[in-house]
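The values are calculated or read from the model by the stated rules, or taken from the named source; none is laboratory data. This is a predicted model, so every value here is computed, not measured. Ideal geometry is used to build each Cβ from the backbone, glycine not excepted, and the neighbour counts take in all protein chains shown.
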Amino acid sequence: MSLDPHVFMKTMETRIGFTSDDKALLKANAAWGSTIALQMAEVFYAYLARDKEMNDILNAKEGRMHRLNETFIEWFGEMFTGMDDWGSAYANRRWRIGLVHVQIGIGPQHVVPAMATVVNEVGKQLKAAGLSEDLRDSLGRICMIDLAFIEQAYVEVSSQAVMRETGWTEGLFKRMISTGAASLK
Ligand code: HEM
């Protein structure tokens, strides 16, 4: 895979403006994050289950929902702790999460509103706990970085697969996409 998760993480941090102040604020509120993680998971999966297509995916395998509750709680907590200070371990983990969704066939159309559900719910929880708007902004920024990883995985996996199968260069592939997009306008 051509994408280097660590480099991608650094690029996103700069682009989104995820700073050391955000990191300090998240770390300082990690204990609060773990108190709401279970409730966040419940809201998240209740949202996904409202859609038949997603509900079918969630229940397609024995024990999947149980596993997902655990992985969501872990994922949510990692946004606050940063694992290795939002370093390579964090980036590799986020990249893997992206690949898992691509492999299962869960498209961007599902992932984007799902992340919006997380951001909205966390905002409500923060308000109820009387916590600062700064924390909401920091969480919003790390959620967008995590989302960018999942979205980028779709592009990387499909382009790499086509280039591998056909032997096309990246330049040729990009030209074909742009010609294809122009013809669809
Ligand atoms: C905000 C967006 C999302 C986040 C943060 C998220 C988080 C995660 C995480 C952390 C995992 C575990 C990955 C691993 O095994 O390493 C996972 C797996 C999975 N997610 Fe998501 N997810 C998101 C969106 C969705 C959506 C929209 C669906 C649609 C149904 C979905 C369904 C699944 C399924 C089926 C698995 C694999 C479960 C298994 O059998 O192990 N996710 N997700």
Take the range 158-171 and flag every residue that is β-branched (Val, Ile, Thr), in a helix (DSSP H, G or I) and modelled with pLDDT of 90 or more. 166
Residue 81 - would you say it is of a type in the set (Val, Ile, Thr), in contact with a helix residue (DSSP H, G or I) (Cβ under 6 Å, 6 or more places away or on another chain), surrounded by fewer than 17 Cβ atoms within 10 Å (Cβ to Cβ) and within 26 Å of residue 8 (Cβ to Cβ)? yes
Of the conditions (1) near the ligand (Cβ under 9 Å from one of its atoms); (2) at positive phi, residue 72 fails just one. Which one is it? (2)
Can you report the number of residues in the range 5-15 which are closer than 20 Å to residue 75 by Cα and not acidic (Asp, Glu)? 6
What is the one condition in (1) polar (S, T, N, Q); (2) touching a residue at least 40 places away in the same chain (Cβ under 8 Å); (3) more than 9 Å from the ligand (Cβ to nearest atom) that residue 117 does not satisfy? (3)
The one condition in (1) under 25 Å from residue 28 (Cβ atoms); (2) surrounded by fewer than 13 Cβ atoms within 10 Å (Cβ to Cβ); (3) near the ligand (Cβ under 8 Å from one of its atoms) that residue 60 fails to fulfil: (1)
Of the residues 132, 159, which is more than 17 Å from residue 34 (Cβ to Cβ) and loosely packed, with under 14 Cβ neighbours inside 10 Å? 132
Can you tell me which residue among 145, 150 is in contact (Cβ under 8 Å) with a residue 60 or more places away in the chain and within 23 Å of residue 77 (Cβ to Cβ)? 145
